[in-house]
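Peer 1: Can you keep this structure in mind? I'll have questions shortly.
The values are calculated or read from the model by the stated rules, or taken from the named source; none is laboratory data. Note that this is a predicted model, so its numbers are computed, not measured. All Cβ positions, even for glycine, are placed from backbone atoms using ideal geometry, and neighbour counts span all protein chains on display. Accessible surface areas use protein heavy atoms only, side chains included; no ligands, DNA or RNA. Shrake-Rupley method; radii C 1.70, N 1.55, O 1.52, S 1.80 Å.
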Amino acid sequence: MAQVVSVNISEKKGTLKREVPEIQLRLRHGIVGDAHAGDWHRQISLLAEESVDKMRDLLPQLQPGAFAENINTRGIDLKNLPIGTRLRLGETVVEVTQIGKECHSDCEIKKLTGKCVMPTEGIFAVVVTEGAVRKGDAVEILGQEATA
């Protein structure tokens, strides 16, 4: 079973995200209290723990949120989900809007190792159904939203 392994926030942009017990997802907003929240297509960032594990071979001390991701998962191949895929995360539902992103030139991980997984393996989503997400919550693929 796929599950959430950590939930992470940062109150200010440009700072590392820290693990918290739970996050609250709000429609047309994202994560309450997170600096990257807002009414846009990248309200929430997700990264598979399997992707982080690849980087831990180079930097064993990596902690949740090191890639500025809000949610870490295990047991689901996030990077290969099509845009429009809906995921149930605990009591919430999110919709995938983007796969990968341009890495910041000042990314510490890329400076130290020469590579970073977030640009190719991280995904972004918007909130479809509000609620809480906690470590240990199930992750379920619900399918894709039909586009007109």
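Peer 1: Whole number in Å², please: accessible area per residue of the chain, 1.4 Å probe, ligands, DNA and RNA not counted.
Peer 2: Here the per-residue accessible area is 51 Å².
Peer 1: Keeping the other protein chains in place, figure out the carbon and sulfur percent of the accessible area of the chain, with a 1.4 Å probe.
Peer 2: Here it works out to 51 percent.
Peer 1: Right, next: Could you tell me the center-to-center distance, by alpha carbons, between region 1-52 and region 70-96 in angstrom?
Peer 2: 12 Å
Peer 1: Something else now. Taking 0.36 nm per residue of sequence separation and subtracting the Cα-Cα distance, how much length would be gained by fully extending the chain between ILE83 and ARG26, in nm to one decimal?
Peer 2: 18.5 nm
Peer 1: Work out from phi, with θ = phi - 60° and the Karplus expression 6.51 cos²θ - 1.76 cosθ + 1.60, the ³J(HN,Hα) of each residue of region 5-15, listed in order in whole Hz, and give x for Gly and Pro.
Peer 2: Residue by residue, region 5-15 yields 9, 6, 10, 9, 9, 9, 7, 10, 5, x, 10 Hz.
Peer 1: What ³J(HN,Hα) values, in whole Hz, does the Karplus curve 6.51 cos²θ - 1.76 cosθ + 1.60 give for region 124-129 when θ = phi - 60°, with x put for Gly and Pro?
Peer 2: 10, 8, 10, 7, 9, 10
Peer 1: Helix-only mean residue ellipticity at 222 nm, the chain, DSSP H runs n ≥ 4 weighted -39,500 (n - 2.57), per residue, nearest 500. What is it?
Peer 2: -2500 deg cm²/dmol, from helical runs alone.
Peer 1: Of the listed values [x] 30, 22, 16; [y] 23, 16, 15; [z] 30, 19, 15, grab the one calculated as semi-axes √(5λ) of the Cα gyration tensor in Å from the structure here.
Peer 2: Recomputing semi-axes √(5λ) of the Cα gyration tensor in Å here picks out [y].
Peer 1: What figure in square angstrom, to the nearest 10, would you give for the accessible area of LYS13 with a 1.4 Å probe?
Peer 2: Approximately 140 Å² of LYS13 is accessible to the 1.4 Å probe.
Peer 1: May I ask you to derive the FRET efficiency for LYS12 and GLU102 from their Cβ-Cβ distance with R0 = 22 Å, giving the value to the nearest 0.05?
Peer 2: Efficiency at R0 = 22 Å is approximately 0.60.
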